[in-house]
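Let me begin by presenting the structure, written as structure tokens, before commenting on it.
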Amino acid sequence: TIEYVNDAFESVTGYSAAEAIDRTPAMLRSGEHDEAFYRDLWETILGGEVWQGEVINERKDGTQYVVDQTIAPITDEGAITGFVAINRDVTALKEYERELEAQNDRLKQYGETVAHDLRNPLALLDAELAQFEMAVDDADGSVDAETVGQFCADVGTTVERMQALID
């Protein structure tokens, strides 16, 4: 059972010391973790080891928050007499990480779209250059200025389209 809470506990959880003392930490369970999670936690600390991890808890008002938690056993002559939990509220950090992941996903999608949109004019540009090279090769050194001008105009149009897409 909870024997002591500090002011930070009260402000983060919404529970007063009077509401928390003599209750179990289960009062903060959010339902986000399964029984195996809590079994591992308790086996670790009851075995005399320190447990550390992230826990999604629930405030008095029902909203969830995330803590980076360390729980250590308190011993007296080798016997465990209690536990101390140190929590660092990382809710804002987790939200920021989710926002960054979503932004990265959007940027990746945008990059894939841009790459796709640029492949078409690049393929066209490549085809126009190949056609131009064939015309030069077939001309035996006597390339028609009008033909060269048309190929250059076609390539220029494709380059302008790609610049517009990039901009």
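The values are calculated or read from the model by the stated rules, or taken from the named source; none is laboratory data. Computed from a predicted structure; not experimentally measured. Note that we place each Cβ from the backbone using ideal geometry, even for glycine, and neighbour counts take in every protein chain shown. What goes into the accessible areas is simple: the full protein's heavy atoms, side chains included, and nothing from ligands, DNA or RNA. Shrake-Rupley method; radii C 1.70, N 1.55, O 1.52, S 1.80 Å.
With every protein chain kept in place and ligands, DNA and RNA left out, what is the accessible area per residue of the chain? Probe 1.4 Å, answer in Å².
69
Kindly provide the helix-only [θ] at 222 nm of the chain, computed as the sum of -39,500 (n - 2.57) over DSSP H runs of four or more divided by all residues, to the nearest 500 deg cm²/dmol?
-19000 deg cm²/dmol
Which one, Ile56, Val5, Pro121, projects farthest toward the positive side of the charge dipole computed for the chain from Cβ point charges (K/R +1, D/E -1)?
The residue sitting most towards the positive pole is Val5.
Restricting things to alpha carbons, find the Rg to Rh ratio for the range 15-159 using the Kirkwood radius for Rh. If you can, show how the numbers build up before the last one.
Details: Rg = 33.3 Å, Rh = 21.7 Å.
Radius of gyration over Kirkwood radius for the range 15-159 works out to 1.53.
Can you tell me the order of 105-115, 32-42, 65-75 when each peptide is scored by its average per-residue count of other Cβ atoms within 10 angstrom, highest first?
For the peptides 105-115, 32-42, 65-75, the packing ranking is 65-75, 32-42, 105-115.
In nanometres, what is the gap between the two model label sites at Arg88 and Leu107, each 7 Å from Cα along Cα-to-Cβ?
For the pair Arg88/Leu107, the computed spacing is 2.5 nm.
How much of the accessible area of the chain, in percent, comes from carbon and sulfur atoms when a 1.4 Å probe is used?
52
Treat every Asp and Glu Cβ in the chain as -1 and every Lys and Arg Cβ as +1, leave all other atoms uncharged, and give the resulting dipole magnitude about the Cα centre to the nearest 20 debye.
Dipole size: approximately 840 debye.
Find which of Gly149, Thr44, Ala20 sits farthest along the positive direction of the dipole of the chain, computed with +1 on the beta-carbon of Lys and Arg, -1 on that of Asp and Glu, about the Cα centre.
Sorting the options by dipole projection puts first Ala20.
Under unit Cβ charges (Lys, Arg +1; Asp, Glu -1), what dipole magnitude, rounded to 20 debye, does the range 57-128 have relative to its Cα centre?
Computed charge dipole of the range 57-128: roughly 140 debye.
Apply 1/(1 + (r/R0)^6) to the Cβ-Cβ distance of Leu129 and Glu160, taking R0 = 25 Å, and write down the FRET efficiency to the nearest 0.05. Working shown, then result.
Numbers: r = 16 Å, r/R0 = 0.62.
Rounded to the nearest 0.05, the efficiency is 0.95.
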